[in-house]
Amino acid sequence: MHLSRHLAPAAAALLAVATLGGPAALATGSAHSHCARQDRIAVPGAQHQTAACLDDMTTAALTGTQYTDSTDWASLTAKGTENPSGVPGIQVDGYFPDSSHLNPTHGWNHDAQFVIRLPERWNGGLVVTGAPGTRKQYSLDPLISDWALAKGYAFASTDKGNSGPDFYTDGDRPGDAIAEWHRRTTQLTRAARAVAEQTYGHAPRRTYMTGISNGGYLTRWQLENHPELYDGGADWEGALWTPEGPNLFTYLPTGVAHQAGRATHDDMIAAGYAPGTEFLWPYHEAVYWGLTQKVYRAEFDPSYDPDCPGASAGSTIAEILAPCASDASYDYAARPRSVHRAVERISLTGRIGKPMITLHGDLDALLPIATDSDVYADMIADRHRARLHRSYTVEGGTHVDGLYDTHPDRLRPILPCYRTAFDVLTDWVERHAAPPAGGTVPKPASGDVVNSCSLR
């Protein structure tokens, strides 16, 4: 879920307000006819927007400026990842009306922030995404935006309407914060399509939904609930929510119990954690399991432990990341029906309405593939939608590509496989080219594993 980064970036992100700095503008736009269209842009429904015509909208040029936030994408890419650069165009930043104020970006202290990027050379397509975990709208700039822009796509990303480890404080009843993610993604998709038409003179010919972790979950949800808005989707290890399980509450408590010395190795395997991921468990104990368990439990089941509502229960990084002691004993099956109904509000069904490709690493120790994408593939098949779906298990892939730098002998980044999968998806949608059969993508013994991947 990418709820925290490596500990040093986490400290900056959780305990300080990010300041972006940098120049107010990077280009006058005089060399680009595309910039003349900037005055046409009015984001439908936006409460506030700013627009700038930039010589280069990729992270190669934007890092250190007000147009991205490198702290928001810390740990998501492996060292040596090659990204394109030199894509001029218009960037629109802003926010929709919202009553919560968890996102400090730009000093706006306002949620429902978004970014829309419009390349000068447009291929007629639009790529929409939502932030992974509790990150914000710039979190996928080096993973998705750079690459999509270089291919000619317009790009739009949302903070999902709430962000940070206290996201669960948004809303009036259990599940409200996550339900807002759906509305904000739909809202941005419609708005970005209108902005593209304002800018280029016609609506996008193709619109794709995509994302990683919580963004993958949103890809699944959007293709189930609003397939009319999209032509296809690329789901990178989306989180699975089902009312009776599996979901985070059916396996994370075992991880927390293992951290507390109250669960055995056999318990972990039985809960769904894959054999072979043991070397990743200490990192997840320190960074992921405790925080993830308590903030989502606070979102759906706030009455479970009122003395430990969530991330707000800590004042230091160690306290914020650590689990509540009571979370090791959490028994989702035994919780009141109201808790299950809250989860049901935001659960998936498998009833996708457009082609979708799923990627998931077999060494994911936060969202184990056995309790997540494998189950979701079966759900899609049970809904008689298997013809619209391909699922690929990336051998050696884990939840965060940045961990490859620590374990290059055991892991491989998923990003190059994602990029290949996206091209396969567009060929499937636009040229009716059948994608390769689903299955395992073997880890290569040689070659540039950071920047190349074949699904065949």
Would you check if D364 is assigned to a loop (DSSP other than H, G, I, E, B), buried (at least 23 other Cβ atoms within 10 Å of the Cβ), outside the structural domain of G276 (by TED's automatic domain parsing) and of a type in the set (D, E)? yes
Among the residues of segment 404-425 satisfying the criterion of being surrounded by 21 or more Cβ atoms within 10 Å (Cβ to Cβ) and in contact with a helix residue (DSSP H, G or I) (Cβ under 7 Å, 6 or more places away or on another chain), which is farthest from I144 (Cα to Cα)? L411
Does H106 satisfy being touching a residue at least 24 places away in the same chain (Cβ under 8 Å), farther than 14 Å from R184 by Cβ and either over 20 Å from the mean Cα position of the chain (by Cα) or part of a helix (DSSP H, G or I) (or both)? yes
List pairs: first residue in segment 243-255 and over 23 Å from G350 (Cα atoms), second residue in a helix (DSSP H, G or I) and charged (D, E, K, R) anywhere in the structure, Cβ distance under 9 angstrom, at least six positions apart or on different chains. P253/R297; P253/D327; T254/D267; G255/E285
Go through segment 117-143 residue by residue and tally those that are touching a strand residue (DSSP E or B) at 6+ places or on another chain (Cβ under 7 Å) and within 13 Å of Y153 (Cα to Cα). 11
Give R387, R351 a once-over and let me know the one that is out of contact with any Phe, Trp or Tyr (no Cβ under 8 Å at 6 or more places or on another chain), over 24 Å from N451 (Cα atoms) and without any contact (Cβ under 8 Å) to a residue 60 or more places away in the chain. R387
Does any residue of segment 284-302 turn out to be in contact with an Asp or Glu (Cβ under 7 Å, 6 or more places away or on another chain), closer than 23 Å to A131 by Cα and in contact (Cβ under 8 Å) with a residue 60 or more places away in the chain? no
Looking only at segment 163-196, which residues are of a type in the set (V, I, T), in contact (Cβ under 8 Å) with a residue 60 or more places away in the chain, over 24 Å from A36 (Cα atoms) and surrounded by fewer than 24 Cβ atoms within 10 Å (Cβ to Cβ)? T169
For segment 197-243: of the residues being assigned to a strand (DSSP E or B) and over 17 Å from the mean Cα position of the chain (by Cα), which is surrounded by the most Cβ atoms within 10 Å (Cβ to Cβ)? T207
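Matching residues to (1) modelled with pLDDT under 95; (2) part of a loop (DSSP other than H, G, I, E, B); (3) surrounded by fewer than 21 Cβ atoms within 10 Å (Cβ to Cβ):
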position: A61; (1), (2), (3): no, no, yes
position: T68; (1), (2), (3): no, yes, no
position: G80; (1), (2), (3): no, yes, yes
position: P84; (1), (2), (3): no, yes, yes
position: I90; (1), (2), (3): no, no, no
position: L102; (1), (2), (3): no, yes, no
position: D111; (1), (2), (3): no, yes, no
position: L118; (1), (2), (3): no, no, no
position: R121; (1), (2), (3): no, yes, yes
Given (1) of a type in the set (S, T, Y); (2) out of contact with any Phe, Trp or Tyr (no Cβ under 7 Å at 6 or more places or on another chain); (3) farther than 23 Å from I414 by Cβ, index of the condition T81 fails: (3)
Considering each of D69, D111, D146, D93 in turn, give the residue that is among the charged types (D, E, K, R), in the same structural domain as R40 (by TED's automatic domain parsing) and touching an Asp or Glu at 6+ places or on another chain (Cβ under 6 Å). D111
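The values are calculated or read from the model by the stated rules, or taken from the named source; none is laboratory data. Because the structure is predicted, anything quoted here is derived from the model rather than measured. Cβ: placed from backbone, ideal geometry, glycine included. Neighbour counts: every protein chain shown.
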